Structure formats: C-alpha cells, structure tokens
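What follows is a single structure, written as structure tokens, with notes after it.
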Amino acid sequence: MDWKDLPKTQCLRGNNAEMLQFAVDRVRQQFAWKTGGLDAEQLRRQHPPSTMTLAGLIKHMAFVEDGFTARAAEQPLGQPWDTRSWVANDRWGWESAVIDDPQELYALWYGAAERSRTAWAQMSADDGLDVVIDDGDPEWAHNRRRILIDMLEEYLKHTGHADVLREAVDGLRGNDPD
C-alpha cells in the first residue's frame with residue numbers, strides 16, 4: 001500500500017464528526033506520503049542530535065491509531081501492543097522499529113489506520129463523539145471527541161517531524177502529495 005490507497009474525501013460542509021474524520025484522513029494521507037516508499041536504511045536513518053527515525057514515527061503512529069481508538073471504544077489493546085503497558089508500548093515502538101522489515105512496518109501502520117478509520121466512523125454515529133470515556137482516573141475522563149482531537153494533534157505533530165526527516169533523506173518536499 002501507499003498513500004494513494006488511502007481514502008481521499010472532501011468535506012466542505014460536514015458536521016463536527018465528519019469534519020474531524022476528514023481532518024484525520026487528510027493528515028493520514030500526508031503522513032503516508034512523507035513516510036512511504038523508503039527502504040530499510042532510509043527508514044532507520046537518524047539525523048543527530050535527534051534519535052528520531054521515520055521507522056519510529058510509523059510504528060509510533062500505528063500505536064497511536066490502535067491505542068487511542070481502543071481507549072475511545074473502551075476496548076483492550078490488541079496485538080502487538082497487548083503485552084506491555086501504555087508507556088512501555090510507546091518506548092518499545094520507537095526503539096524496535098529500527099529492526100523491523102519495512103513492509104511489515106508499513107503493513108502495521110496501514111492496518112491500524114484502516115481499523116481506526118472504521119471504528120471511528122461507527123463511534124461517531126448518533127452523537128457518539130459525546131460519549132464520556134472513564135478509565136478510572138477522574139483527571140483523565142474525556143469524551144470521544146477529545147480523544148479524536150488528541151489523535152489529530154499527534155498526527156499533525158509527527159507529520160511535521162516526518163516532513164523534516166524525509167527532506168533530509170531524499171529531498172521530498174511539499175504539503176500534499178497531489
């Protein structure tokens with residue numbers, strides 16, 4: 001898969017849920033474009049003093065997709081995240097990505113993005129973004145809308161990182177793949 005395989009939607013006058021989903025879909029496509037089509041060496045390349053890699057970004061965003069969506073659906077994390085804590089998963093994703101096969105890494109993210117997109121479409125129906133999620137910590141209780149906005153924020157931040165890292169790898173620049 002590559003960025004061209006992701007759904008390309010337009011939403012000029014949608015409701016709150018449709019606009020948020022459109023924004024996430026658009027930034028997913030930008031992220032896929034900025035991180036796609038690279039070999040193992042390119043994905044693993046660091047640009048000191050940063051230790052961040054495109055491989056790490058891809059795996060981290062797969063965790064964000066699966067993790068934030070599971071939390072919003074009040075479901076446990078699935079594989080490969082189900083054997084570690086939330087914090088340990090975050091660290092593991094960044095560190096282990098540099099030894100992952102590129103095709104497996106891309107498949108992990110594309111699979112997480114598709115599962116997440118489907119789940120959010122269902123969770124957003126019938127005012128579903130207003131559902132309050134309580135994970136037992138009264139400081140944390142949010143509605144699904146807030147979780148989706150947090151996921152969008154993660155994408156925006158890390159797509160910016162991918163933009164800089166990708167330009168350093170092969171000179172790819174721009175805001176949109178089209």
_Amide hydrogen neighbours beyond the local backbone of residue 133, cut-off 5 Å, H modeled_ = 142, 143, 144
_Where only C-alpha atoms are counted, convex hull volume of the chain per residue in Å³_ = 117 Å³
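With +1 on the Cβ of every Lys and Arg and -1 on the Cβ of every Asp and Glu, and nothing else charged, how large is the dipole of the chain about its Cα centre, in debye rounded to the nearest 20?
Charge dipole of the chain: 400 debye, to the nearest 20.
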_Kirkwood Rh in Å, taken over all unlike Cα pairs in the stretch 24-75_ = 12.3 Å
*Rounded to whole Hz and in sequence order, give me ³J(HN,Hα) for the stretch 125-130 from the Karplus expression 6.51 cos²θ - 1.76 cosθ + 1.60, θ = phi - 60°, writing x for Gly and Pro.*
5, 6, 6, x, 6, 7
*asked:* Counting heavy atoms of the protein chains only and a 1.4 Å probe, report the per residue accessible area for the chain as a whole number of Å².
replied: 53 Å²
*What residues have an amide H closer than 5 Å to that of residue 52, excluding those fewer than 5 places away on the same chain, when H is modeled at 1.01 Å from N in the peptide plane?*
47
*Over the stretch 44-113, what is the mean sequence separation of C-alpha contacts under 8 Å (at least six apart), divided by residue count, expressed as relative contact order in percent?*
47 percent
*asked:* For the chain, take the longest principal axis of its alpha carbons; what is the angle in degrees between that and the long axis of helix 102-124, to the nearest 10 within 0 to 90?
replied: 20 degrees
*Leaving ligands, DNA and RNA out of it, report the carbon-plus-sulfur percent of the accessible area of the stretch 29-151 at a 1.4 Å probe.*
51 percent
*asked:* For the pair residue 149/residue 82, report the inter-label distance in nm, with labels modelled 7 Å from Cα in the Cβ direction.
replied: 3.3 nm
*Taking every Cα atom in the stretch 101-178, find the radius of gyration and the maximum pairwise distance Dmax, and write them in Å.*
16.4, 46
*Residue by residue, what Karplus-based ³J(HN,Hα) values in Hz, rounded to whole numbers, does the stretch 159-165 have, using 6.51, -1.76 and 1.60 with θ = phi - 60° and x for Gly and Pro?*
5, x, 4, 4, 4, 5, 5
_Low-density loop positions, GluC sites (Glu not before Pro), the stretch 49-155 - DSSP coil, at most 15 other Cβ in 10 Å_ = 74, 139
*So, in nm, how far is label residue 125 from label residue 50 when the simple model puts each one 7 Å beyond its Cα toward the Cβ?*
4.0 nm
*Ordered by residue, what ³J(HN,Hα) values in Hz, to whole numbers, does the stretch 166-175 give under the Karplus form 6.51 cos²θ - 1.76 cosθ + 1.60, where θ = phi - 60° and Gly and Pro are x?*
5, 4, 5, 6, 9, x, 4, 9, x, 9
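The values are calculated or read from the model by the stated rules, or taken from the named source; none is laboratory data. Predicted model, so just to flag it, every value in this text is computed and none were measured. Here the Cβ is made from the backbone with ideal geometry for all residues, glycine too, and neighbour counts use every protein chain on show. For the accessible areas, the whole protein counts, side chains as well, though only heavy atoms, and no ligand, DNA or RNA atoms are used. Shrake-Rupley method; radii C 1.70, N 1.55, O 1.52, S 1.80 Å.
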